[in-house]
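Down below is the structure, laid out as structure tokens.
Values quoted throughout were computed directly from the atomic coordinates according to the rules given, and no laboratory measurement underlies them. From a predicted model like this one, the values you see are computed outputs, not experimental measurements. Cβ placement follows ideal geometry from the backbone for every residue including glycine, while neighbour counts extend to all protein chains displayed.
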């Protein structure tokens, strides 16, 4: 007679093919298989729990997701408040702006001759192309916008809110920046200087030495204050990079000023990097616990997959299964129009961490 | 004024979220995004073309797909003749047999203490567990089956057909081996000696020195003959390994005896390995052209993704969109019951390559 | 008779083992093998060419290289002017500061229980540990330093030069920051807000609202000016991230103001990311050509390896073989002491791109 | 006052550059850094322990190591008995034979046009080329050799020993097969049917239906007997694949017949695959413990690196530091000349597992 083991609770259930199954059903069937398929299914369940809990959900976004065709998924997540605060690389916001302004990225090939592309001033992102002249023109558009602003330092959060507003008024088109403006979802961009948005700002400064002032240090204070104000938080990370660390840093920094914080309560990341080379992008969520970035009992999952494969399926499923939860969600209301944010009508202290 | 470029034909179309979109629609929307999402969508289109063309489709299967919950997808592909010939590692057939015999793999954790698992005789495959005593009992079952066979050399193709028959008669359960038996789809297992099926055969030999004779060299001849008989072929590879190479080798070997072959006409692979370390599992389909494994004008795509993420979505979509094509398909009919295969009623020459 | 092919010029020469061969000899033998071994050997040759040419060499540094034991290699590269300008993540500078201040990182295990580590306030970076209380104390030390500065905006370049000076005067110890101070090698840190240095600055601001002003946009101008002043440049990248892009952006931004630039003349990168997911860290140097980041005829190589394996061997070899070239090198002399850099005695324009 | 932690024992010691340091010294300095650099240094220490202990050392070899320029390192390891038994893919033995027969692989480019290569009948392995006509001629040479053998089944171990003998007598050149012949080191090739050696054997059979009989099941018995005879074993794995599993399978199979086995006492693997997709090539050595493939207290290390980078450094260092240990080593003496192996003069039972 076989003895039972505490390790052998639930059997793997082989995925059964159903022609044209719906996204939600696909993930439901993937919950009982193995490896990254199961992890992707788990990611859906954890995101549902984030939404059902009273927590602030950060979304980090690195890698060429906007150029690669995922920007309207992110806009959807913002508009419908699957997430409450975006942290992004500059490139993802820039490529979003590019398309919102009516330009395109193009389907290309990873094997094209780059000298030939260079000769035609076409820039390649793996299998995706764009026109360099349109990028230059974007930079000038950003510079022109920056020159319309009162010359004083701006957090990236304030600057990007105003950029989204300007873009919405000029284009009336959907995208990440415009969705965040309309939904009053803050966007932080800690590495803005490492992007074409930064380049546009440097070109504004060329014309007016008082233009293009960005106060990235105040972003640290403000992002920590978002957590101090409501210490129940969750983290959804696409691709690692500076957004992943910045979201964790906000929690650590908040903890420094308020010992009630305790790290994110939920975390999911979709990454292609691996932990064993020591870099932050690939670092495990287990490791994050040692730093207090993540609560030691947090529900978490890492999906090792390209976001262009995982995200369309994940969000299409979630849009079905989380509909009611979303409808009942009461997320924080941000006022992003000024140098100092307000949350649910109550402003943050100016340039300081919020007192406990 | 902007000039047009031959490189800028089709714009990226951002993926638009639709709640609970069907698999087929998900992939249709992914055709116009970038990176591996686009590649997965392309894989569906190429597979559809394989099915619409008059070609023999090989399926290669490596990695822990059966233990990991994908065995009923493969069985589905066999039963409905999305594929015509399977090349597999021994482990995938063994773990299929394990479940067809009514045993289970179990949902586990990649972080469990392996000493504790070892103490309970539980074997771990990343996040999946199995009982070692059940594996030992499988080995004996295989040995017992092998002892029922007339003592002579068997190709893996003949042996696995008879194993599938025996399994079907004993269990009446669906799985890869039983589906292949019932559909008369040949299975080759070039590295059978590197698997628990091989271990079972060595245990049969322990009891009878004439048992467990496997003629892996005759598999080479027979697999090449499949191609010489009908030189229009396609390759679907999951995970690289010996199946990937064996499918290509069959084409190269066929070419050696018949210069009409010209390589596979279509190829798709879903792999996690990368090309730049030089290994065959991660090798590119471009490289395969230099060897003549692939026709120089073959339609091909590599999807860099875990099969547990990619395959459920891909096959669910294909099951919808390829239904009619499948219904009209006239694949080769194999007779696998004897030492020599017959195709569409005409046997192969015994132990020799087919004359042109 | 065999015909010759233009493709078959030089045979692979199998690596011959010599007990305890010297680093330079190891790489010389690896030039004639394949895959990443050959690429690492090629990296040495390309770096030698950079040093022999009259060009400004940028070094980008991402990943946990300082915590992981490579900071004295980077300090060596700076002191001996194998490189002329460092672009780094904040974390690498912070972990360097940590050790220069006499603290340590510790040899750990990737399999330790993170709850146990968390309970002892030990932070884990894969297989490496550090004390959280020491990190907190560093943050305060940085804040205290920031409060000593005249309250005005600083580029990261100016701020880090002053930080290196302060650190050298306080500790007299070698490290990246102190070596760069002593050698007058500029350091840019475009994502300083995404690091503990940024956290320290936000804590300075907590005490004095005028403290911790960082002008990351002026860094863009200044880094481009370094290239406009001397358009012959080279790029050495460890690990991708913001430094990789910032070095390329500087070239693209310089080109915007001066069409003589033409991209980096040489490039080598040691990365673990792959190109096929579309992210910048893993992007190929071929792709960089399409953007004009790299001259179309640039000599370049990508080494797919962990820097902790590749860099010790590469720099130990280069230190032997490039000794004479280094001795004869006449790199640009930077004056980094003020808000505006001077190069070879001639200052940059204030807050503006240099006129052609 | 700081409290001590059991976790913080040994500090990271930054790698100090010494011009042209010797291989052994490089690795000694890498023992105190992090990530894969530390793991490579640990691999040297573990291999030294294997050599100093009274154990049988298996070497597994997968990936294009012979074509890629590492075959003379493997020959060195065999000749000097750093290892006692080789398990290899067929391709590595075939590419070794190719060069021992005086042919070459060539330095190529991963970016060459594969149609152009195909037109000139040049086969590409990532950045390495070879002439297809020379490969065809090898196949015929193998077929001709196989036809000289008495027509009966051969284990791969016996066949490869005779092949090495024939090759040595014909060429007098060093290589893996000839070194193994001369040193009486057994070679197992469980997936021989998935290689050009298998293709050569199928061509021999074309001429004589009794030729090319390979008994891969007897290899299972014999490899397990090597362990039953001397249950203290170690495993060195390059690149995963069938050799990795076969070495572990031998231990598991031995355990089945003799419960004193207990798994390998030491294990090191140099792999580029990762564990989280579930495949055997990337599987962790922790996981191997759950199966009993590895003793639960075994010393083990995984190095995530390309063997073309890691192996030249590792073996050059080991050749220095292990010289004395090697000189005093008393490895098992194999007699490989017949259908049944003998060890230290005592033959294995014919076609059966050794009795305890």
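Being in contact with a helix residue (DSSP H, G or I) (Cβ under 8 Å, 6 or more places away or on another chain), assigned to a loop (DSSP other than H, G, I, E, B), on the phi < 0 side of the Ramachandran plot and buried (at least 24 other Cβ atoms within 10 Å of the Cβ) holds for only one residue in D:337, D:251, D:316, D:281, and it is D:281.
Hey, does segment D:285-295 have a residue that's assigned to a loop (DSSP other than H, G, I, E, B), touching a strand residue (DSSP E or B) at 6+ places or on another chain (Cβ under 8 Å) and touching a residue at least 24 places away in the same chain (Cβ under 8 Å)?
Filtering segment D:285-295 for residues assigned to a loop (DSSP other than H, G, I, E, B) gives D:291-293.
Now drop any that are not touching a strand residue (DSSP E or B) at 6+ places or on another chain (Cβ under 8 Å), which leaves D:291, D:293.
Next cut, touching a residue at least 24 places away in the same chain (Cβ under 8 Å) only: D:291, D:293.
Yes, because at least one residue in segment D:285-295 is assigned to a loop (DSSP other than H, G, I, E, B), touching a strand residue (DSSP E or B) at 6+ places or on another chain (Cβ under 8 Å) and touching a residue at least 24 places away in the same chain (Cβ under 8 Å).
Give the residue that is farthest from residue D:199 (Cα to Cα), with candidates limited to residues of segment D:127-156 that are touching a helix residue (DSSP H, G or I) at 6+ places or on another chain (Cβ under 6 Å) and within 12 Å of chain B (Cβ to nearest Cβ). Step through it out loud before you land on a result.
Here is the first cut: in segment D:127-156, the ones touching a helix residue (DSSP H, G or I) at 6+ places or on another chain (Cβ under 6 Å) are D:138-139, D:142-143, D:145-147, D:155-156.
Keeping just the survivors that are within 12 Å of chain B (Cβ to nearest Cβ) gives D:139, D:142-143, D:146, D:155-156.
Details: D:139: 7, D:142: 9, D:143: 8, D:146: 11, D:155: 16, D:156: 14 Å.
So the residue we want is D:155.
Only a single item in (1) crowded, with 23+ Cβ neighbours inside 10 Å; (2) within 14 Å of chain C (Cβ to nearest Cβ); (3) touching a strand residue (DSSP E or B) at 6+ places or on another chain (Cβ under 6 Å); (4) not in a helix (DSSP H, G or I) is not met by residue D:268, and it is number (2).
Residues that are away from every other protein chain (no Cβ under 13 Å) and more than 18 Å from residue D:266 (Cβ to Cβ): does segment D:186-206 have at least one? Yes: segment D:186-206 contains one or more residues that are away from every other protein chain (no Cβ under 13 Å) and more than 18 Å from residue D:266 (Cβ to Cβ).
With respect to being more than 23 Å from residue D:193 (Cα to Cα), touching a residue at least 40 places away in the same chain (Cβ under 8 Å) and either within 12 Å of chain C (Cβ to nearest Cβ) or assigned to a helix (DSSP H, G or I) (or both), residue D:82 fits the description. Just to be sure before I move on: is residue D:261 touching a helix residue (DSSP H, G or I) at 6+ places or on another chain (Cβ under 6 Å), without any contact (Cβ under 8 Å) to a residue 60 or more places away in the chain and either assigned to a helix (DSSP H, G or I) or within 13 Å of chain B (Cβ to nearest Cβ) (or both) in the structure I sent? It is false that residue D:261 is touching a helix residue (DSSP H, G or I) at 6+ places or on another chain (Cβ under 6 Å), without any contact (Cβ under 8 Å) to a residue 60 or more places away in the chain and either assigned to a helix (DSSP H, G or I) or within 13 Å of chain B (Cβ to nearest Cβ) (or both). You will find that of A:75, A:67, the residue that is part of a helix (DSSP H, G or I), buried (at least 24 other Cβ atoms within 10 Å of the Cβ) and touching a helix residue (DSSP H, G or I) at 6+ places or on another chain (Cβ under 7 Å) is A:75 and no other.
Within segment A:296-337, being free of Cβ contacts under 8 Å to residues at least 60 places away in the same chain and facing another protein chain (nearest Cβ under 7 Å) holds for A:296, A:306, A:309, A:323.
Taking the criterion of being closer than 21 Å to residue A:88 by Cβ, touching a strand residue (DSSP E or B) at 6+ places or on another chain (Cβ under 6 Å) and more than 8 Å from chain A (Cβ to nearest Cβ), would at least one residue in segment C:211-228 satisfy it? No, segment C:211-228 has no match at all. Return yes when residue B:345 is on the phi > 0 side of the Ramachandran plot, crowded, with 19+ Cβ neighbours inside 10 Å and away from chain A (no Cβ under 14 Å) and no when it is not. Answer is no for this residue. Among the conditions (1) under 20 Å from the mean Cα position of the chain (by Cα); (2) buried (at least 24 other Cβ atoms within 10 Å of the Cβ), the only one that residue D:300 does not satisfy is (2). If you go through segment B:6-47 and keep only what is in contact with a strand residue (DSSP E or B) (Cβ under 6 Å, 6 or more places away or on another chain) and either in contact (Cβ under 8 Å) with a residue 60 or more places away in the chain or surrounded by fewer than 24 Cβ atoms within 10 Å (Cβ to Cβ) (or both), you end up with B:7, B:8, B:10, B:11, B:20, B:22, B:36, B:39, B:40, B:42, B:43, B:46.
Inclusion of residue B:305 among residues that are buried (at least 24 other Cβ atoms within 10 Å of the Cβ) and either over 19 Å from the mean Cα position of the chain (by Cα) or over 17 Å from residue B:233 (Cβ atoms) (or both) is warranted. Of the set (1) in a loop (DSSP other than H, G, I, E, B); (2) more than 16 Å from the chain's Cα centre (by Cα); (3) within 7 Å of another protein chain (Cβ to nearest Cβ), all apply to residue D:102 but (3).
Of the residues screened, residue B:190 is not one that is farther than 16 Å from residue B:99 by Cα and either touching a strand residue (DSSP E or B) at 6+ places or on another chain (Cβ under 6 Å) or surrounded by fewer than 24 Cβ atoms within 10 Å (Cβ to Cβ) (or both). Among the residues making up segment D:166-187, those that are part of a loop (DSSP other than H, G, I, E, B), out of contact with any strand residue (DSSP E or B) (no Cβ under 7 Å at 6 or more places or on another chain) and touching a residue at least 24 places away in the same chain (Cβ under 8 Å) are D:173, D:174, D:175. Within segment A:168-180, the residues that satisfy the criterion of being surrounded by fewer than 24 Cβ atoms within 10 Å (Cβ to Cβ) and touching a helix residue (DSSP H, G or I) at 6+ places or on another chain (Cβ under 6 Å) are A:168, A:171, A:173, A:174.
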